[in-house]
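Derivation of every value follows stated rules applied to the coordinates shown; laboratory data play no part. These numbers were taken from a predicted model, which means no experiment stands behind them. A quick note on method: Cβ atoms are made from the backbone with ideal geometry, for glycine too, and the neighbour counts reach across all protein chains shown.
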């Protein structure tokens with residue numbers, strides 16, 4: 001019988017087989033509560049992972065294929081060096097377009113820090129040149145060398161220095177989310193195994209009677225496995241719904257523009273948590289089956 | 001049916017039973033006697049493979065006991081009805097479901113309809129108690145229920161471990177009569193008991209062979225008491 005058939009027979013059930021094992025209240029409640037709590041946490045881990053993924057993508061793509069050249073030169077040389085920079089850029093393969101920012105644009109950039117009345121003419125503000133790359137990109141080291149030769153006051157900033165650590169941090173956060181999810185599954189398996197072992201120990205006499213009258217291990221294990229699988233499925237379903245509601249009522253990222261408030265699902269991502277209950281059930285199925293057969297092997 | 005050749009069993013270094021060489025033929029009736037702790041229950045457990053021999057060989061229905069897998073043992077027990085002194089029931093199920101348990105766990109519930117089941121319950125005199133749970137039954141009722149459960153699969157061999165240990169003389173005779181009746185239907189019966197009066201009573205009803213376990217060995221065999 002394949003795993004799929006076994007899982008299906010879990011759902012369809014066998015009323016008579018169910019009745020031979022007495023219901024054990026404590027382990028039932030423990031499995032339900034554990035599965036619900038773990039599913040609730042799993043929803044958050046999944047939300048964290050997906051939000052981090054979106055963040056990593058955004059940070060990776062933001063300002064990608066753009067660069068800025070900053071020209072610091074005495075006022076008398078500023079126009080000459082700016083012209084030299086633009087000429088170099090025009091001749092550099094991989095540069096789609098380049099233009100020097102106007103005074104108004106530079107003022108607008110500085111306004112948040114210095115206010116709108118900043119006297120640009122009186123301050124030694126560097127000139128900024130905005131560069132757009134072609135998809136193939138350019139040789140940044142070669143460009144730096146040419147700029148150093150043609151316009152000594154020009155410094156190339158390709159944004160990579162600060163963009164890369166942020167994107168890496170977001171990638172690691174995503175990995176952390178998946179690791180948390182794996183740990184939650186592992187912890188669920190451990191707890192269900194303990195609960196199943198407790199139930200099996202409590203029912204040792206029942207198992208002995210069943211063996212005495214000719215029951216095969218598979219029959220006995222099935223009675224326990226089905227019970228624990230359904231409990232895990234029910235608990236995880238409740239926990240997942242609670243988790244989804246909790247994630248849904250978190251403040252929206254658009255309200256505050258903060259990183260942590262973006263902990264949510266996006267679009268079809270809301271469907272992903274629906275895999276948690278079947279995953280919890282499959283985990284419980286395997287954990288109980290393992291515990292049941294191990295216990296049964298100890299009884300003749 | 002069951003053949004033992006120099007079979008032995010021990011829990012530690014010292015064997016509890018050794019040198020067991022005998023054959024339980026189909027349709028035979030055996031008493032197993034001996035003082036408490038002599039190994040009567042161990043002998044019966046060897047017969048239904050709850051214990052496996054630590055020495056020699058035991059053949060159960062043509063299969064070497066030590067070569068049986070767990071599923072083989074489960075299948076074998078469908079051919080053996082066991083009545084324990086403490087009966088061993090599922091306390092949460094009513095008597096009728098306990099008696100039908102061997103059919104339930106082997107997926108053979110369909111071969112016995114409710115009328116047949118009620119007939120069997122009536123044969124052991126428990127019709128009025130069929131809805132009671134095991135804790136609500138007296139010792140004698142439990143023994144008769146255990147006997148009904150032991151034979152519901154129509155086994156070839158019935159093993160009874162001190163079946164009259166907890167019941168009065170009248171009930172002992174009633175149980176004995178049921179076992180004799182089964183033997184006359186062709187079942188092999190082995191009763192472990194230290195009740196000599198029961199063995200004498202059986203002698204008037206059936207050709208019984210008495211096996212005595214003493215000092216870890218079967219001391220006398222084949223002779224009627």
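Relative to the longest principal axis of the C-alpha atoms of chain A, give the angle of the C-alpha long axis of helix A:3-12, reported between 0 and 90° and rounded to the nearest 10°. It is inclined by approximately 60 degrees. Peptide B:87-93 shows a mean partner chain C-beta count of 5 within 10 Å per residue C-beta. Structure remark: mean-square fluctuation, Gaussian network model of chain B, C-alpha springs under 10 Å; the largest value among B:200, B:70, B:212 belongs to B:70. Sorted fewest first by neighbouring Cβ atoms within 10 angstrom, B:28, B:109 come out as B:109, B:28. Note: chain B, Cα convex hull, 122 Å³ per residue. Take each residue in A:200-213, count the other chain C-beta atoms within 10 Å of its C-beta, and the mean is 5.
Please determine, in degrees from 0 to 90 and to the nearest 10, the orientation of helix A:140-150 with respect to the longest principal axis defined by the Cα atoms of chain A, where the helix direction is its Cα long axis. Helix A:140-150 and the main axis of chain A meet at about 10 degrees.
What angle, in degrees between 0 and 90 and rounded to the nearest 10, separates the Cα long axis of helix A:75-91 from the longest principal axis of the Cα atoms of chain A? Tilt relative to chain A: about 60 degrees.
So what does log10 I(q)/I(0) come out to for chain A at q = 0.08, 0.09, 0.11, 0.15 Å⁻¹, using the Debye formula with one equal point on every Cα and no solvent? The Debye formula, applied to the Cα set alone, gives -0.59, -0.65, -0.78, -1.09. Model label sites at residue A:194 and residue A:293, defined 7 Å from Cα along the beta-carbon direction, differ in position by 2.4 nm. Give the distance, in whole Å, between the Cα centre of the stretch B:104-138 and the Cα centre of the stretch B:25-83. That distance is 26 Å. Exposure proxy shown here: for A:101, B:101, the number of other Cβ atoms within 10 Å sets the order, fewest to most, as A:101, B:101. Each label point was placed 7 Å from the Cα along the Cα-to-Cβ direction; for residue A:155 and residue B:217 their separation is 10.3 nm.
Size descriptors for the protein assembly as shown (Cα atoms only): Rg and Dmax, in that order, 40.7, 135 Å. Identify which of B:172, B:36, B:130 has the largest mean-square fluctuation in a Gaussian network model of chain B, with springs joining Cα atoms closer than 10 Å. Taking springs between Cα atoms under 10 Å, the residue moving most is B:36.
Evaluated at q = 0.19 Å⁻¹, a Debye calculation over the C-alpha positions of the stretch A:65-158 (equal weights, vacuum) places log10 I(q)/I(0) at -0.87.
Note on A:113, B:169: ascending count of other Cβ atoms within 10 Å places them as A:113, B:169, the fewest first. Mean-square fluctuation check for chain B, GNM, Cα pairs under 10 Å: which of B:24, B:120, B:93 is largest? Of B:24, B:120, B:93, the Gaussian network model singles out B:93 as fluctuating most. Extension gain, residue A:163-residue A:134: 0.36 nm per intervening residue step, less the Cα-Cα distance, totals 8.6 nm.
Counts of other chain beta carbons within 10 angstrom of each beta carbon in peptide B:44-53 average 1.
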